[in-house]
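Novice: First the structure, which I've put down as structure tokens, then a few questions once you've had a look.
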Amino acid sequence: MRSTFYSFLFLLLFPAALAAQTHIVETIKTQLGHTNAASEKLDLIFRLCENRQSISGDTLYYYASMAKRLTSENSELSFLADYYKNTALENMSLLDSGLRMTNQELDPLKKLYPTSSVYRKFLYLKGTLLVRKSFYKEGIAQFYNLLQQAETYKDEFLQIAAINGIGWAYMEMGQPATALKWFYKAIDRAQNKIYNKYYATLYSNLGSVYASLDQLDSAEYYVNCAIDTARNYEVLSCLANALNIQANIYTFTNRIPEAEQPLYEALNIRMKIGDPFYIVSDMLQLALYYASQKQEAKGIELIQKAIQIAKEKKLIAKLPILYRGLAECYKAAGDQKNYSETLEKFIVFKDSMYEKNTAEALADLNVKYEVQKKENTIIQQKLQITRKNFMFYGSLALLVMLIIIVRLVFKNYSRKNKMKLLLLQEEDKRKELLAVKDAEEKERKRIAADLHDNLGSFVASIKANTDEMMKTHIISTTHLELLQNNTQQMISLLDDTIWALRKESLKLSDISDRIKTFLNRLKPNYPNISLRTDEQLEPDFELQPVYAYHLLMIIQEAITNAVHHSEGNEVTVKIDSSKKDFISITDNGKGIQNNTKNATRGGSGRSNMQLRAAQIGCEIVWENNFPQGTVVVVRNEMHE
């Protein structure tokens, strides 16, 4: 079945460029073939050029040139025809030529038609060319200039295009968050239904940004929107891009079989556009996808078809990368013989292109060489006479030069190695910083959730007390005491959190001091319970703030459970830095039913304590304290 597809692909590839790409393009071409009126023909050609994302660069350049011949010199329509010619150069990746021609058009256009939308179109084209050439700063400045011009003359479409262009530049620079902001600004501007066609590009950009942020659900949503919009308005180039993004999303979400269909469809769209330069590239991408999925035979067959197309269309620049891709497919298939032979072909084509370029470079020197040939002959004769006299000095100078060259080469080699090492070290540091940043962000969110949950309960209690007072219109001492107690608990919780996190590091003795403060706050509320500490803090080791925070919360929760539930009259907190079981909270209460790890009191408090302990590499054990009571032990798993 696949072989039939490949044959069908090969037979239809180039006739597709001559056929209509979309229904809209086909309709316009049909109308164009049935009219002889110059004005009507010019209008149809410009309508055709507006669908530039659905036709090839060669086709666009052909019709733009036809429009140029139908316009008068230096007219506004003549400049519009030049705009589409330069857009065709951009579509064909002739960026230097496109930028040069665009710059040549801007000055006379500004003098003749400074308020024209054609002038603003050229500003937009220059911005896109700069971004494609990786001149992002200049491109963004150009889009800002366009945005100001478009707002001055109330050109809504080019306002949207300028805003989207700024977002696109930031996306290309690897700043997805900033790009996202600009793309949503463009959507806000594009509320009029006449701009619905432009949503295909915006949705595709949003999908690409969300994919780069690993927010794959949002990415898939916007890519699907882009595909639907592009199909509806027949924007083929945008549709092909969105399908490729969709295939990548399927790959990232382990839906590998589903990725094949959008890759095929994207390739078919390239066929309809009729640009063999991109078609063979898409065929290569699909073939490498097959190789990665252990379908090397399909990949080999598809690249062989691409090589055949490249040879027939004289796309010589594509042959080295195609042979390299074919070699990789043979390598993946374990076919060492064909891998070696194909790799040799790759080297031959690469070398032949190098030689060709070198010959072209030398051709410019040929005329000068012929002119100087006689002068060189005379110089050689003079040198021959004096050579013997200077042979020794010449040899010595050559030796010195060779030594200098060797030293320079060695120094350059050493410098490159050092640079590579520095780059590797910088990359490692960057990865470490990202990992730390990610961990800190997760911890920040977790602490925020803790504060929300804990403070939320106190706030709810305060609200309940105030509601009761408002309902009964009675402010009793009990109500005030409850409000005071809940407020104090909130202040204490915030104070403990800030205390733990505002420092770069804390010592175990700081935790001990903080526990003493906590016990002093509890004593007035539990006069019948003896609360004391027993500490041995040699050695006194340092703790990270997050570690200290979790440890403090664990100890406070254990003390709170003891005074609330044990029914004992004595609670002791022991801290011994020299032991593996370095913290214990002991009471002389009623104890627990058994001393398995599953026994506990206090509802969800135990699970929170275990979760905190796990996050700092510790373990919590609940045990019976003989002859009576309970011991909560915090065990340091990292202790030797």
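The values are calculated or read from the model by the stated rules, or taken from the named source; none is laboratory data. Quick caveat: nothing in here was measured; it's all calculated off a predicted structure. No Cβ is skipped: glycine too gets one built from the backbone with ideal geometry, and neighbour counts run over all protein chains shown.
Novice: List the number of the failed condition for residue 242; all other conditions in (1) buried (at least 22 other Cβ atoms within 10 Å of the Cβ); (2) in contact (Cβ under 8 Å) with a residue 40 or more places away in the chain; (3) in contact with an Asp or Glu (Cβ under 9 Å, 6 or more places away or on another chain) hold.
Specialist: (3)
Novice: When the residues of segment 141-163 are narrowed to those that are surrounded by fewer than 18 Cβ atoms within 10 Å (Cβ to Cβ) and either among the aliphatic types (A, V, I, L, M) or touching a Leu at 6+ places or on another chain (Cβ under 7 Å) (or both), which ends up nearest to residue 113 (Cα to Cα)?
Specialist: This residue is 145.
Novice: Within segment 164-190, restricting attention to residues that are more than 12 Å from residue 128 (Cα to Cα) and among the β-branched types (Val, Ile, Thr), which residue is surrounded by the most Cβ atoms within 10 Å (Cβ to Cβ)?
Specialist: Of all residues in segment 164-190, those more than 12 Å from residue 128 (Cα to Cα) come to 170-171, 173-190.
This time we only want the ones that are among the β-branched types (Val, Ile, Thr), so: 178, 187.
Working: 178: 15, 187: 18.
Checked segment 164-190; the qualifying residue surrounded by the most Cβ atoms within 10 Å (Cβ to Cβ) is 187.
Novice: Report the residue count in segment 221-260 for those that are hydroxyl-bearing (Ser, Thr, Tyr), under 20 Å from the mean Cα position of the chain (by Cα) and part of a helix (DSSP H, G or I). Explain how you work it out, then say what you get.
Specialist: Quick first cut of segment 221-260, residues hydroxyl-bearing (Ser, Thr, Tyr) only: 221-222, 229, 233, 237, 250-251, 253.
Checking the rest, the ones that are also under 20 Å from the mean Cα position of the chain (by Cα) come to 221-222, 250-251, 253.
Retained after the next criterion (residues that are part of a helix (DSSP H, G or I)): 221-222, 250-251.
The qualifying residues number 4.
Novice: If residue 219 meets every condition in (1) farther than 18 Å from residue 150 by Cβ; (2) without any contact (Cβ under 8 Å) to a residue 24 or more places away in the chain apart from one, which number is that one?
Specialist: (2)
Novice: Would you point out the residue of segment 516-558, among those that are at pLDDT 90 or above and either in a helix (DSSP H, G or I) or of a type in the set (Lys, Arg) (or both), that is farthest from residue 491 (Cα to Cα)?
Specialist: That would be 532.
Novice: Pick from 496, 510, 453: which is in a helix (DSSP H, G or I), modelled with pLDDT under 70 and closer than 30 Å to residue 576 by Cβ? Working first, answer last.
Specialist: Working: 510 fails: modelled with pLDDT under 70; 453 fails: closer than 30 Å to residue 576 by Cβ.
Matching residue, one of 496, 510, 453: 496.
Novice: Determine, yes or no, whether residue 560 is hydroxyl-bearing (Ser, Thr, Tyr) and touching a helix residue (DSSP H, G or I) at 6+ places or on another chain (Cβ under 9 Å).
Specialist: Working: hydroxyl-bearing (Ser, Thr, Tyr): yes; touching a helix residue (DSSP H, G or I) at 6+ places or on another chain (Cβ under 9 Å): yes.
In short, yes.
Novice: Answer with yes or no whether residue 567 is surrounded by fewer than 19 Cβ atoms within 10 Å (Cβ to Cβ), farther than 17 Å from residue 585 by Cα and charged (D, E, K, R). So that I can check it myself, show each step before the final result.
Specialist: Working: surrounded by fewer than 19 Cβ atoms within 10 Å (Cβ to Cβ): yes; farther than 17 Å from residue 585 by Cα: no; charged (D, E, K, R): yes.
No.
Novice: Starting from residues that are over 11 Å from residue 122 (Cα atoms) and among the acidic types (Asp, Glu), keep the ones in segment 61-103 and report whichever is surrounded by the fewest Cβ atoms within 10 Å (Cβ to Cβ).
Specialist: 73
Novice: May I ask you to list pairs of residues, at least six apart or on different chains, whose Cβ atoms are under 6 Å apart, with the first in segment 572-600 being in the same structural domain as residue 559 (by TED's automatic domain parsing) and basic (Lys, Arg) and the second being modelled with pLDDT of 85 or more and assigned to a loop (DSSP other than H, G, I, E, B)?
Specialist: Partner pairs satisfying both residue conditions: 590/567.
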